[in-house]
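Asks: I'd like to ask some things about the structure below.
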Ligand code: ADP
């Protein structure tokens with residue numbers, strides 16, 4: 001656009017065939033890349049659906065079995081009924097848990113305004129979280145430790161409820177994959193312009209080949225190594241990774257099989273204007 005004696009004069013851009021070919025070629029490249037991403041995300045979505053259908057089918061089949069078992073009696077023994085109903089209740093709880101995780105995953109995929117972030121003093125926040133774990137009797141047989149820098153004055157911008165889900169997942173896993181008298185340590189430190197929070201356990205650790213994949217949706221390391229750990233659905237760490245993404249943060253893990261694991265969370269330090 002030229003400004004000539006106060007008038008706006010539009011001049012036609014001089015485009016050669018070569019210019020147009022280059023522009024077309026670049027647009028084609030972008031289109032191919034978008035297409036590749038679409039196919040990839042569609043593939044992931046189908047895989048997720050298949051895994052979820054499989055995970056849903058297993059408790060439903062078990063519940064079906066329990067009901068048939070109860071119906072097979074003409075006059076079931078009261079104690080037998082009580083035991084079976086309790087087992088059914090356990091399965092219903094895991095179904096409920098699985099459905100909640102799936103709902104959360106779906107909502108994290110679609111950004112909305114409800115994911116409200118606000119500045120929080122990380123020292124006080126981690127201390128409150130740690131104290132609530134200390135008070136929880138499920139952690140009674142683990143040595144819980146909190147290590148914070150002196151009077152830790154740093155602020156981070158988080159959604160406190162969502163961030164607590166990440167910490168809770170890491171603590172629950174640390175508990176699940178460790179045994180009596182093992183330690184679970186919550187730490188925080190400042191590194192450059194990031195706050196690094198870590199959860200370390202002295203439990204069974206994770207094999208190198210699995211380490212790359214544990215943040216994938218529904219990826220689970222074989223249950224055979226941990227009897228009783230089979231109630232997970234492999235969604236926890238992928239949800240944690242999505243939540244960290246919504247905080248402009250990151251999550252990663254270092255682990256040695258047989259010695260334990262450390263999960264790290266990084267968050268940008270909040271500096272008020
Ligand atoms: P799940 O709900 O099955 O525990 P997660 O996504 O939370 O799923 O974890 C994925 C896998 O990573 C689990 O199957 C588990 O084997 C492994 N894992 C996670 N945390 C730990 C840990 N602290 N120690 C050892 N293995 C772990």
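Laboratory data are not the source of any read-out in this text; all were calculated from the coordinates shown. All of these numbers come straight from a predicted model, not from anything done at the bench. Glycine gets a Cβ as well: all are built from the backbone with ideal geometry, and neighbour counts include every protein chain shown.
Asks: When the Kirkwood hydrodynamic radius is evaluated over all pairs of different C-alpha atoms of the chain, what value in angstrom, to one decimal, is obtained?
Replies: Answer for the chain: a Kirkwood hydrodynamic radius of 22.7 Å.
Asks: Then there's this: Determine the calculated [θ] at 222 nm for the chain from helices alone, applying -39500 (n - 2.57) to every DSSP H run no shorter than 4 residues and normalising by the residue count; nearest 500 deg cm²/dmol.
Replies: On the way: 6 runs with 132 residues, N = 273.
Helices in the chain give a 222 nm mean residue ellipticity of -17000 deg cm²/dmol.
Asks: Angle between the Cα long axis of helix 122-134 and the longest principal axis of the chain, 0 to 90 degrees, nearest 10?
Replies: 20 degrees
Asks: For the stretch 99-161, I need the span (max minus min coordinate) of the C-alpha atoms along each principal axis, in Å, sorted largest to smallest.
Replies: Over the stretch 99-161, Cα extents along the principal axes are 37, 31, 13 Å.
Asks: Please arrange 107, 94 by how many other C-beta atoms lie within 10 Å of their C-beta, fewest to most.
Replies: Neighbour counts put them in this order, fewest first: 107, 94.
Asks: Can you sort 14, 187, 68 from fewest to most other Cβ atoms within 10 Å of each residue's own Cβ?
Replies: 14, 68, 187
Asks: Let me ask something else about it. What FRET efficiency do you get for residue 96 and residue 42 if R0 is 30 Å and r is their Cβ-Cβ distance, rounded to the nearest 0.05?
Replies: Working: r = 29 Å, r/R0 = 0.96.
Result of the calculation: an efficiency of 0.55.
Asks: A follow-up question, please. Going 7 Å from the Cα of residue 150 along its beta-carbon direction, which residues of the stretch 171-214 have the amide nitrogen within less than 20 Å of the resulting point?
Replies: 187-192, 196
Asks: Separate question: Exposure proxy check: 147, 43 ranked by fewest other beta carbons within 10 Å? Please list the in-between numbers first.
Replies: Numbers: 147 13, 43 10.
Taking fewest neighbouring Cβ atoms as first place, the list is 43, 147.
Asks: How tilted is helix 78-109 with respect to the longest principal axis of the chain? Cα atoms for both, answer in degrees (0 to 90, nearest 10).
Replies: So the helix axis and the longest Cα principal axis differ by about 10 degrees.
Asks: Relative to the longest principal axis of the chain, what angle (0 to 90°, nearest 10) does the C-alpha long axis of helix 236-246 take?
Replies: Rounded to the nearest ten degrees, it is 30.
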